[in-house]
1. Please verify whether Arg51 is assigned to a strand (DSSP E or B) and assigned by TED's automatic domain parsing to the domain that holds Phe146, treating the condition exactly as stated.
2. Out of the residues in segment 100-131 that are free of Cβ contacts under 8 Å to residues at least 12 places away in the same chain and in a helix (DSSP H, G or I), which is surrounded by the fewest Cβ atoms within 10 Å (Cβ to Cβ)?
3. May I ask you to list pairs of residues, at least six apart or on different chains, whose Cβ atoms are under 6 Å apart, with the first in segment 132-148 being farther than 14 Å from Ile7 by Cα and the second being surrounded by 14 or more Cβ atoms within 10 Å (Cβ to Cβ) and not hydrophobic (A, V, I, L, M, F, W, C)?
4. Hey, any hits in segment 38-60 for a residue that's more than 23 Å from Gln140 (Cβ to Cβ), surrounded by 18 or more Cβ atoms within 10 Å (Cβ to Cβ) and of a type in the set (Val, Ile, Thr)?
5. Residue under question is Leu117, and the condition is that it be closer than 24 Å to Leu15 by Cβ and either modelled with pLDDT under 85 or not assigned by TED's automatic domain parsing to the domain that holds Ala76 (or both); does it hold?
6. So for segment 9-20 (the condition being touching a strand residue (DSSP E or B) at 6+ places or on another chain (Cβ under 6 Å), in a helix (DSSP H, G or I) and without any contact (Cβ under 8 Å) to a residue 40 or more places away in the chain), does at least one residue qualify?
7. For segment 62-94, name all the residues that are surrounded by fewer than 12 Cβ atoms within 10 Å (Cβ to Cβ) and more than 23 Å from Gln141 (Cβ to Cβ).
8. Taking segment 122-157 only, how many residues are modelled with pLDDT under 85 and out of contact with any Leu (no Cβ under 6 Å at 6 or more places or on another chain)?
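The values are calculated or read from the model by the stated rules, or taken from the named source; none is laboratory data. Quick caveat: nothing in here was measured; it's all calculated off a predicted structure. Note that we place each Cβ from the backbone using ideal geometry, even for glycine, and neighbour counts take in every protein chain shown.
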Amino acid sequence: MESLPDICRISDILLDVDIDCKNQLFDHAARQLGQRHALNSQTLQTALQLREQTGSTALGHGLALPHARIPGLTEAHALFLRLKRGMAFDAPDGAPVHSLLLLLLPQEAHPQHLQLLATIARMFSERPFREALARCDHAQQVHQLFQLWADPQATNDPHFWLDSNRYFLDTEASLRPDYSIRRKVVARF
């Protein structure tokens with residue numbers, strides 16, 4: 001199955017992008033994705049704008065996940081943008097969006113693409129992930145963060161910990177000050 005680091009490589013991560021409105025955003029993203037993957041940028045821009053018109057893709061906390069299904073596309077593609085200034089995006093919490101992950105998906109809905117969307121939405125909803133993402137200064141750091149959080153192995157799942165010789169679901173992980181540092185299962189005997 002494709003994971004976020006597979007479809008969003010270092011060259012697909014752009015930081016400090018100077019954009020002021022959604023139209024500029026979708027135009028810029030469509031040109032970048034079109035050039036990288038030999039796709040028609042006008043088709044991409046139209047698809048992204050139409051999807052956004054059906055409902056905001058802002059997740060809250062300054063993040064958005066614009067996505068569109070593209071006819072003829074055989075694999076998913078992504079572009080991560082961090083903006084110089086936050087932008088109004090009709091977010092559920094009213095906060096301006098400063099980081100966006102734009103996804104292009106094949107027209108046919110495959111379970112693995114729905115799983116990819118769900119995984120990305122889960123990652124972006126986690127406070128430790130958002131805090132670590134905000135600290136990233138370079139595309140390489142963002143990509144490494146995507147790799148760390150997208151790893152499907154249970155031992156790398158940030159929710160599960162081994163403590164006092166038992167597994168438990170760490171439901172208050174975002175409140176732990178050292179959470180972003182302790183990412184592996186830790187055994188205490």
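1. Working: assigned to a strand (DSSP E or B): no; assigned by TED's automatic domain parsing to the domain that holds Phe146: yes.
For Arg51, the condition - assigned to a strand (DSSP E or B) and assigned by TED's automatic domain parsing to the domain that holds Phe146 - is not met.
2. That would be Pro111.
3. Partner pairs satisfying both residue conditions: Ala132/Ser180.
4. Scanning segment 38-60 turns up at least one residue that is more than 23 Å from Gln140 (Cβ to Cβ), surrounded by 18 or more Cβ atoms within 10 Å (Cβ to Cβ) and of a type in the set (Val, Ile, Thr).
5. Details: closer than 24 Å to Leu15 by Cβ: yes; either modelled with pLDDT under 85 or not assigned by TED's automatic domain parsing to the domain that holds Ala76 (or both): yes.
For Leu117, the condition - closer than 24 Å to Leu15 by Cβ and either modelled with pLDDT under 85 or not assigned by TED's automatic domain parsing to the domain that holds Ala76 (or both) - is met.
6. Checked against the condition, which is being touching a strand residue (DSSP E or B) at 6+ places or on another chain (Cβ under 6 Å), in a helix (DSSP H, G or I) and without any contact (Cβ under 8 Å) to a residue 40 or more places away in the chain, segment 9-20 yields no hits at all.
7. The answer is Pro71, Gly72, Thr74, Pro92, Asp93, Gly94.
8. First, pick out the residues of segment 122-157 that are modelled with pLDDT under 85: 150-157.
With the extra rule that they be out of contact with any Leu (no Cβ under 6 Å at 6 or more places or on another chain), the set shrinks to 151-157.
Qualifying residue count, segment 122-157: 7.
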